[in-house]
């Protein structure tokens, strides 16, 4: 019964989306008459129906209703409840349903809250949003019905892959999805504005919270994904420019550029066409990323988890949405004026450099990721990896980072470069200090050196906008910017340190022997078998002491799962002053020895700490914007009410 | 998400690819005594592709074949061979696929031209945007 | 508040405005080509057409000799099969190798990362079509051949030149192709 209700709600939501699209399109064309009044309510109800449908799926998974095909193939009655619920979106159908649900809710929210945009642009935006949703509804209802029944019901669920029961895995994909959906809202705004050609500060202010929100989730998703790969894969790597990693990075790069150009548009009414273009590009990148991951077109490793047919479906949606938006752009962008002018030395000028450089990095990453496909068309397989991406993205990152030191200090429209003399000298001194520190500490590697020096300069420059301000009265938005930029410096420092100062030790030791890794002394005291709910493991009993201080226990495991049979290594991590001792237990070697892999990675946690700071900065900025909008909304309502009073 | 893919791959591949019972190759999990040589070997290994896992370098893979490749790389470096000669030797056998560092060939030149084109485009765009603004 | 009046419209060249669409069309063409082309996920050896690398392997079992490059320069084509006792698909191709042997094809094997007793047990179970079997404990010869997995088979001509590589199990339907390649290598 619940499954049927869920399916019915999904069909109703889809028909409301169709209505929303139709009414919106007619109204925008000026033929709708009373139809315009239908658009907003349709958007709200559509969101609620989608939510109902998703709630039904959650309920089915929570109860492990094995008469539903999706539950039977992806769950198991013995799973802990949290993983049963997470199982609802841990598969293709459920994740698509989550996508339309969040998208529907976002559309409903826009319809309910936003009164800033000109009504016609608003209707066009909601129609665009309905158009995008309709594609996903069609996808769900036609080829991936999450509520399909299984007759007869299964006796037990199939999915009990223990490794997929990881709390990180349960919440990593929805985090990225929230980011993607946020960008889809930004996309709808861009398309709406392209249709009515009304691009201005109001449009930017309506779009900004969605871009900020999406960007926060993308930042968190990438940060968490990177940390998780770092500790799970057992080799201490945190980023490898793998196609799937790039697929998550590209929307982030586009969203970062969009975030900055949208604030230029909001405050200064400049960069109109460019912002609209970025709105389209950012969502394209999320769709392209999803397509690359789902279709398995790039790495054969992914060929197991994917279905080329579904990949093709996503590609069709991608072609319709993005192709359509770009045609609209080609037709209408010429009549959108450029907006206000500004001088080279101005906040806008700096932000243009930021935007152009980010776009260039995006271009390089996209090109490098897709290039193996190009050569395969000529029957040659090539690999494009870190030795390509690192230096090539650095070419564009370095000038961007240099401009970033000065940008936040500049005034809008026009500024005098001479005014920045002192702050820039301080930043230069910080860079020199960083250079000296790097050389004294014996760091190696050109890119690491550049990164470290830039991090020094950025750290000093990023807090300078606070100089001369009353810290209590400093607007949250400024705090957000400072924290996020400081986060960039922190992450950059972490990356540089990881690359320059990591110490690796691969050894085979007997029980009782000790190993020195950098400042650490690690003793292997024993190896014992331990058992978990669905695995057995060999666990190394080790102690570690930092420069002969008190010892800490380190217990890496080599786990064997029996259903399905597979081996994993569980690294043990000891964090000390932002650095981490990373220990992995390998196989038994001859002569009663054990293989150990040990790393000392000074300051490595700064990478993810920086990522968190960047997201926190976004959150502060978002809070300030939302608070501002709400205050204004209340004020406006009060004015309206007062007017009504006097009218009476 | 790369991890997810690896896990799924492992999961599905498990029945087909049983593991051998041989100990790892001598230098698969052992560093060279000379730190300079080890650093050279490590730098090379990080840019060679594990042929079994398809999405990892041999420097961070537990696949036995990756271990055998590491062992061979370390032995050759210890024998004084140049890292780039080892890379060429592998490319001669497996094609460009085995190396994460693309070579400049008739098929890969766009990879190197692209950043230059972008750089030129960036310069052009910035000059146009900013100079125009200036004159206003 | 309404949208500010457009400030002296400055039109970008129409060419630039259509550029994103052109790039996107290029992307679509590329991935559609990638999706429709029957994808090869195998890493092919670049050694086909080149002479066998020099190697000399210890015997993998006691009743067959080991294998060296010189063993192939005998004027007649031979099939070189890369296998392992721990490789499940390798057992599947055993009947096909056996039927080739009965047709008079000379087959040599290289056992990858294997123990003598395991190879012997594997051959006792699945039959032994090999004239010689070399033992490659650290995949050294496998790497030299440009082979990336087990099972794989190479057709080597009488001068010791690699003429063909077959990746994966030789199934019954692959036999005509293998025979043809052996014929070509005469």
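Taking each residue of the range A:415-432 that is over 22 Å from residue A:449 (Cα atoms) and looking for partners that are surrounded by 18 or more Cβ atoms within 10 Å (Cβ to Cβ) with beta-carbon atoms closer than 6 Å, six or more apart or interchain, yields A:415/A:345; A:415/A:346; A:417/A:345; A:420/A:406; A:420/A:409; A:423/A:409; A:423/A:464. Of the residues that make up the range B:70-77, is at least one surrounded by fewer than 21 Cβ atoms within 10 Å (Cβ to Cβ) and free of Cβ contacts under 8 Å to residues at least 40 places away in the same chain? Yes: the range B:70-77 contains one or more residues that are surrounded by fewer than 21 Cβ atoms within 10 Å (Cβ to Cβ) and free of Cβ contacts under 8 Å to residues at least 40 places away in the same chain.
Might you let me know whether the range C:149-162 holds any residue that is within 10 Å of chain B (Cβ to nearest Cβ) and either at pLDDT below 90 or closer than 15 Å to residue C:45 by Cβ (or both)? Yes: the range C:149-162 contains one or more residues that are within 10 Å of chain B (Cβ to nearest Cβ) and either at pLDDT below 90 or closer than 15 Å to residue C:45 by Cβ (or both). Screening C:35, C:17, C:23, C:28 for residues that are part of a helix (DSSP H, G or I), modelled with pLDDT of 90 or more and facing another protein chain (nearest Cβ under 7 Å) leaves exactly one candidate, C:28. Checking A:588, A:537 one by one, the residue that is more than 39 Å from the chain's Cα centre (by Cα), outside any loop (DSSP other than H, G, I, E, B) and not assigned by TED's automatic domain parsing to the domain that holds residue A:497 is A:588 and no other. Does residue A:569 satisfy being surrounded by 17 or more Cβ atoms within 10 Å (Cβ to Cβ) and under 30 Å from residue A:259 (Cα atoms)? No.
Among the residues of the range C:40-85, how many are in contact (Cβ under 8 Å) with a residue 40 or more places away in the chain, within 21 Å of residue C:113 (Cβ to Cβ) and either out of contact with any helix residue (DSSP H, G or I) (no Cβ under 9 Å at 6 or more places or on another chain) or in a loop (DSSP other than H, G, I, E, B) (or both)? Of the residues in the range C:40-85, 17 are in contact (Cβ under 8 Å) with a residue 40 or more places away in the chain, within 21 Å of residue C:113 (Cβ to Cβ) and either out of contact with any helix residue (DSSP H, G or I) (no Cβ under 9 Å at 6 or more places or on another chain) or in a loop (DSSP other than H, G, I, E, B) (or both).
Results for (1) in a helix (DSSP H, G or I); (2) touching a helix residue (DSSP H, G or I) at 6+ places or on another chain (Cβ under 6 Å), shown as yes or no for each residue.
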residue: A:156; (1), (2): no, no
residue: A:182; (1), (2): yes, yes
residue: A:187; (1), (2): yes, yes
residue: A:205; (1), (2): yes, yes
residue: A:209; (1), (2): yes, yes
residue: A:227; (1), (2): yes, yes
residue: A:237; (1), (2): no, yes
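Residue A:295 meets all of the listed conditions (1) in contact (Cβ under 8 Å) with a residue 24 or more places away in the chain; (2) surrounded by 23 or more Cβ atoms within 10 Å (Cβ to Cβ) but one, namely (1).
Residue A:49 falls short on exactly one of the conditions (1) under 23 Å from residue A:11 (Cβ atoms); (2) at pLDDT below 90, and that condition is (2).
Comparison of A:178, A:141 shows that the only residue that is more than 14 Å from chain B (Cβ to nearest Cβ) and within 23 Å of the chain's Cα centre (by Cα) is A:178.
Just one of the listed residues (B:37, B:42) is more than 14 Å from chain C (Cβ to nearest Cβ), under 18 Å from residue A:598 (Cα atoms) and at pLDDT 50 or above, and it is B:42.
Just one of the listed residues (A:126, A:112, A:59) is touching a helix residue (DSSP H, G or I) at 6+ places or on another chain (Cβ under 7 Å), assigned by TED's automatic domain parsing to the domain that holds residue A:24, at pLDDT 90 or above and surrounded by fewer than 19 Cβ atoms within 10 Å (Cβ to Cβ), namely A:59. Being within 14 Å of chain B (Cβ to nearest Cβ) and modelled with pLDDT of 90 or more is true of residue A:515. Here residue C:53 passes the criteria (1) over 21 Å from the mean Cα position of the chain (by Cα); (2) crowded, with 16+ Cβ neighbours inside 10 Å except the one numbered (1). Reported count of residues in the range B:61-75, each being more than 19 Å from residue B:40 (Cβ to Cβ) and more than 8 Å from every other protein chain (Cβ to nearest Cβ), is 1. For the range A:372-398, the set of residues classified as within 7 Å of chain B (Cβ to nearest Cβ) and either within 27 Å of residue A:451 (Cα to Cα) or in contact (Cβ under 8 Å) with a residue 60 or more places away in the chain (or both) consists of A:383, A:384, A:385, A:386, A:387, A:388, A:392, A:395, listed by residue number.
The values are calculated or read from the model by the stated rules, or taken from the named source; none is laboratory data. What you are looking at is a predicted structure, and each value in this text was computed from that prediction instead of being measured. Cβ atoms come from the backbone with ideal geometry, glycine included; neighbour counts cover every protein chain shown.
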